[in-house]
Protein chains: 2
Amino acid sequence: MADRILLVEDEPSLYEALKLNLEIEGYNVTVAVDGEQAIEKFKSSHFQLIILDVMIPKIDGYVVCETIRLENSQVPIMFLSARNSAEDKINGLKTGADDYMSKPFNLEEFLLRVSLLVKRGHALTDTGTEDLNSFEFGGNKVDFSSFEISTWDGEVKSLSKREMKLLKLLIEKRGKVVSREEILQKIWGYDVFPSTRTIDNYILAYRKYFEENQRQPKYFFSVRGVGYKFEADSE
Amino acid sequence: MADRILLVEDEPSLYEALKLNLEIEGYNVTVAVDGEQAIEKFKSSHFQLIILDVMIPKIDGYVVCETIRLENSQVPIMFLSARNSAEDKINGLKTGADDYMSKPFNLEEFLLRVSLLVKRGHALTDTGTEDLNSFEFGGNKVDFSSFEISTWDGEVKSLSKREMKLLKLLIEKRGKVVSREEILQKIWGYDVFPSTRTIDNYILAYRKYFEENQRQPKYFFSVRGVGYKFEADSE
DNA sequence: TTGAAACTGTCATTATTCTGTAATTAATCA
DNA sequence: TGATTAATTACAGAATAATGACAGTTTCAA
């Protein structure tokens, strides 16, 4: 079965050239021309690799990358960027990319890196990578791939999609306050805006699951007027 | 336990700086100053990552890389090179490297790539690809080669191709939620998209075959908004 | 042509998510 | 310190969207 690649690039001459060459290599290529499309296509289908230009309309590449990582931590992501600066690369790698190429790039090198990443993806999903997607704090454990949690008092529960996604966001940003706006954007998207009560409900739920004393949280803090913060006890 | 890195580099000022920085990051670093030493040390010990300068005395980097790959080793290898030419990179990646950096490079980027590669190595070496011919859970047994199943209540049935393929996917990923998109892509391919009801039907069928109580499944769980998960009771 | 397998549509059934309101708590300022 | 204001907590339904169940239709291969 052909491997599928999502190519996110707004400049027609470039994406057509890349698409053509990738197809010659035997990949099945889907193109998205802006960040919104990218997220939409990512959600509606499954890919073995995502190639992501940083500078794209509507939602920039970094944010697209973060959004994707909230749902799926496995797909390899390759960044493309017009600039060759170290900060850009570092930024990209930190937001969860697996590789980075600066434009203009050599086609053969590009194709080689693509095939490495696709192969890696296979290796990862074949062997089952435990532990990369779970997180522990206190006596609690969150398993992102099975959507299950086990808590300090020995209970095992399964969380819903939203619960998991928001929890993941908080854990990834642990130690930092995440604003309500950011939460709304990252979890609910850019057009849907549920009432702000809704977020509280999720925090409430987390405290019920994980805190020994709900009224005096040790992990899930609210910061008045700003947002919420998750903090793990020890590292 | 600290991850071990084999650093192959002949220039003292460079390898000392890198060694120091890697050690600060918590790695255990072994240095080799030429190709011969590199191969020797590689053979006598196990590393999570090999960092390989191309231009080193006695045996050059490419050859060292090929030699290591001949041992059928999965260790991630990162090339360092003084030149930034595309041919060099291509050459390196073709001989089996996983990443490539040109000197002079940004230290932070270097350390980030190192940590990515080390993590990847862990994921790869975790479990060898299992290749199953049959699988048992509860009182049920699935035989993938004969397409037959026998169930807890003593029945023997044979499954259709699709049924088996999807069942195998779920079992291979047991314990993890498999998204509908992934199922569609892996079982049906990228051009055919049956209605999402279809997948439910297969799950339904599995529950009929294997579950004692269809309404309270013990093995085939659905995770709303995400996909399905198979879980075997004991291991 | 026949039968098994695969797919689709519909409606019933739930799990999940959202909203409104009241109670509580924290922050600010006189 | 106490009064005032603003934000958060806490529930309990209500609304929504996803899945379960099944019957009927199509497809494909023998």
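The values are calculated or read from the model by the stated rules, or taken from the named source; none is laboratory data. The structure displayed is predicted, hence computed values, not measured ones. Cβ sites come from the backbone with ideal geometry, for glycine too, and all protein chains shown count toward neighbours. Only protein heavy atoms, including side chains, enter the accessible area calculation; ligands, DNA and RNA are left aside. Shrake-Rupley method; radii C 1.70, N 1.55, O 1.52, S 1.80 Å.
Below, the figures for the structure above:
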{"item": "Positive-pole candidate from A:LEU112, A:LEU20, A:ALA123, dipole of chain A, charges at beta carbon", "result": "A:ALA123"}
{"item": "Simple Cβ-charge dipole of chain A, Lys/Arg +1 and Asp/Glu -1, about Cα centre, in debye nearest 20", "result": "840"}
{"item": "Those residues of the stretch B:142-186 for which accessible area with every protein chain present is at least 10 Å² below the isolated value (1.4 Å probe)", "result": "B:LYS173, B:GLY175, B:LYS176, B:VAL177, B:GLU181, B:GLU182, B:GLN185, B:LYS186"}
{"item": "Accessible area, probe 1.4 Å, largest first, for residues B:HIS46, A:HIS46, A:HIS122", "result": "B:HIS46, A:HIS122, A:HIS46"}
{"item": "Distances in nm from B:ILE59 to the matching label points in the other copies, shortest first (labels 7 Å along Cα to Cβ)", "result": "4.9"}
{"item": "Heavy-atom accessible area per residue - the stretch B:4-126, 1.4 Å, Å²", "result": "45"}
{"item": "Relative contact order for the stretch A:4-126, counting Cα pairs under 8 Å that sit 6 or more residues apart, in percent", "result": "23"}
{"item": "Relative contact order %, chain B, counting alpha carbon pairs below 8 Å whose residues are six or more apart", "result": "12"}
{"item": "Acute angle (nearest 10 degrees) that the helix A:12-24 long axis makes with the longest principal axis of chain A, alpha-carbon atoms", "result": "80"}
{"item": "Tilt relative to chain A, helix A:35-44 - C-alpha long axis, 0 to 90 degrees, to 10", "result": "80"}
{"item": "Shape box of the stretch B:134-230 [Cα atoms, principal axes, largest first, Å]", "result": "38, 28, 20"}
{"item": "Delta accessible area of at least 30 Å² on complex formation, residues of the stretch B:60-109, 1.4 Å probe, chain isolated as reference", "result": "B:ALA86, B:LYS89, B:ILE90, B:LEU93, B:LYS94, B:ASN106, B:GLU108, B:GLU109"}
{"item": "Euclidean distance of C-alpha centroids, the stretch A:55-84 and the stretch B:67-98, integer Å", "result": "26"}
{"item": "A versus B: buried accessible surface, summed, Å² (probe 1.4 Å, to nearest 100)", "result": "3500"}
{"item": "Helix B:107-125 vs. chain B, principal-axis angle (Cα, 0 to 90°, nearest 10)", "result": "40"}
{"item": "Cα-centred dipole magnitude for the stretch A:15-120, charges only on beta-carbon of K, R (+1) and D, E (-1), debye, nearest 20", "result": "200"}
{"item": "Prolate/oblate/rounded call for the stretch B:4-126, Cα gyration tensor, a/c under 1.5 rounded", "result": "rounded"}
{"item": "CD proxy at 222 nm, helix term only [per DSSP H run n ≥ 4: -39500 (n - 2.57); per residue of chain B; nearest 500]", "result": "-12000 deg cm²/dmol"}
{"item": "Local net charge near B:GLU212, Cβ-Cβ under 13 Å (Lys/Arg +1, Asp/Glu -1)", "result": "0"}
{"item": "Sulfur and carbon atoms: percent of accessible area, the protein assembly as shown [1.4 Å]", "result": "47"}
